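Taking it in order: structure first as structure tokens, then the write-up.
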Amino acid sequence: MKIFTKRELAMLYFPKVSPKVATNKLARWIRRSDELSRLLTEAGYKPANKFFTVRQLRIIYAFLGEP
């Protein structure tokens, strides 16, 4: 599994918007799900991180599906 930056992953989910808008939308999706936010935090995620780890990506894919 490839490691993605937040921007790269966001652009996969939202390819028709700017990178900034895509990143904001992905962050909003994460914040709106208490369980997703909790699991990511337990996996070491912090909003200031630039990259998602493989473990964090697996959690995101389980909730949002693969882009």
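The values are calculated or read from the model by the stated rules, or taken from the named source; none is laboratory data. What you are looking at is a predicted structure, and each value in this text was computed from that prediction instead of being measured. Virtual Cβ from ideal backbone geometry, glycine too; neighbours counted across all protein chains shown. All accessible areas refer to the heavy atoms of the entire protein, side chains included, with ligands and DNA or RNA removed. Shrake-Rupley method; radii C 1.70, N 1.55, O 1.52, S 1.80 Å.
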>> Under the rule that an exposed site lies in a DSSP loop and has at most 13 other Cβ atoms within 10 Å, name the longest stretch of the chain with no trypsin sites (Lys or Arg not before Pro) of that kind, not counting the sites themselves.
In response: 17-49
> Counting only heavy atoms of protein chains, what accessible area per residue, in Å², does the chain have with a probe of 1.4 Å?
Replying inline: 67
> Translational D (Stokes-Einstein, µm²/s) of the chain at 37 °C and 0.692 mPa s when Rh comes from the Kirkwood sum over C-alpha pairs?
Replying inline: 279
